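Here the structure comes first, spelled out in structure tokens, and everything after it is commentary.
The values are calculated or read from the model by the stated rules, or taken from the named source; none is laboratory data. The shown structure was predicted, so the numbers you read here are calculated from the model rather than taken from an experiment. So basically every Cβ, Gly included, is an ideal-geometry build from the backbone, and we count neighbours across all protein chains shown. The protein model used for the area step is the full one, side chains on, heavy atoms only, and it has no ligands, DNA or RNA in it. Shrake-Rupley method; radii C 1.70, N 1.55, O 1.52, S 1.80 Å.
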Amino acid sequence: MRTGNNGKAGMRVQTTPRGASRVAPPPARRRQWRMPRINWRLAGRLLFAMLAVVALGAGLQAWQVLWPQLDRPISQVLVESKLGEVAPQNQQQLQQELERFGEARFLSASLAAMQQALEQLPWVDQARISRVWPDQLKIEVVEQQPIARWGEQQWLNSRGQVFHGVTRAPGDTMPQLVGPEGTEEQVMQQYWSLTRILRPMGYSITRLELRARGSWFVHTREGLELLLGRDEILEKMRRFTTIYERELKEQMKQIARVDLRYANGLAVAWRDEDNNETTVQ
């Protein structure tokens with residue numbers, strides 16, 4: 001034991017500073033329950049998808065019930081033509097073609113297949129089929145328009161296509177075109193080219209012939225014959241029109257035939273007993 005100056009024994013006394021106190025720990029916080037956030041956009045999409053599935057199922061079920069009522073057997077076929085009333089025998093042909101499809105029904109009938117079948121008829125150029133509620137079909141027919149005879153028993157339309165039947169007998173003014181098989185379009189184009197040249201001169205073609213070797217022959221209603229040869233047909237016709245205006249116009253009634261097969265001129269056959277020919281260059 002130690003003593004200080006005052007003779008008292010020195011003791012270590014631990015003292016607390018005046019005014020100080022212990023700090024108590026904060027009370028534990030009580031956890032509160034919070035409602036989780038809802039993704040309303042996602043929920044809306046899910047709800048819409050569910051409603052769509054339900055609606056689709058209901059629609060399919062309703063369609064299965066209504067289909068037999070809507071898909072009725074065809075009760076009547078209406079036929080119209082841009083040329084007027086279709087001849088009875090042609091209406092019968094249309095009906096026979098449609099009967100090949102069996103018992104056609106209003107909704108399940110294949111209109112495209114029917115249309116294709118009708119357009120195979122020789123007198124039909126185009127056909128259009130549509131549905132008429134509740135159980136009818138409407139057929140609109142564009143009939144072939146003969147522009148010329150092809151050979152003795154066939155016809156050509158304006159596109160040079162051959163067909164075998166006509167709905168109405170054409171008049172006597174129908175020209176006759178002749179050529180090897182497969183040249184129908186070529187002959188028709190030549191006919192239009194020659195017609196544009198001859199018509200202003202007062203001539204109309206009654207027969208245009210393309211022979212096997214490629215030579216062209218023209219017969220007109222006015223009795224004039226033209227021999228054109230094989231090549232440069234339009235050039236020869238231009239030569240003919242020039243000489244016609246210059247020398248032949250006033251004498252055409254006496255001319256039976258014009259031979260244009262020459263390189264630089266033409267030969268004229270006159271209407272007389274001897275059928276003399278004159279060469280013009």
* Structure fact -> Filter the stretch 70-97 for residues that are among the hydrophobic types (A, V, I, L, M, F, W, C) and farther than 16 Å from residue 136 by Cβ; the one that is surrounded by the most Cβ atoms within 10 Å (Cβ to Cβ) is 86
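For the stretch 243-266, give me each residue that is outside any helix (DSSP H, G or I) and open to solvent by 40 Å² or more (accessible area, probe 1.4 Å).
Across the stretch 243-266, the qualifying residues are 257, 261, 262, 263, 264.
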* Would a scan of the stretch 100-113 turn up a residue that is closer than 27 Å to residue 146 by Cβ and aliphatic (A, V, I, L, M)? -> no
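Residue by residue, here is whether (1) touching a residue at least 12 places away in the same chain (Cβ under 8 Å); (2) under 24 Å from residue 151 (Cβ atoms) holds:
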position	(1), (2)
212	yes, yes
230	yes, yes
242	no, no
246	no, no
252	yes, no
* Restricting to the stretch 184-227, what's the tally of residues that are touching a strand residue (DSSP E or B) at 6+ places or on another chain (Cβ under 6 Å) and farther than 23 Å from residue 269 by Cα? -> 4
* Asked: Is the stretch 119-142 home to any residue that is touching a residue at least 40 places away in the same chain (Cβ under 8 Å) and acidic (Asp, Glu)?
  -> yes
* Asked: Can you name the number of the only condition in (1) modelled with pLDDT of 90 or more; (2) open to solvent by 20 Å² or more (accessible area, probe 1.4 Å); (3) of a type outside the set (Asp, Glu) that residue 240 fails?
  -> (2)
* To do: Residue by residue through the stretch 200-238, note down the ones that are assigned to a strand (DSSP E or B), more than 15 Å from residue 261 (Cα to Cα) and either of a type in the set (Gly, Ala, Ser) or over 36 Å from the mean Cα position of the chain (by Cα) (or both).
  => 219, 220
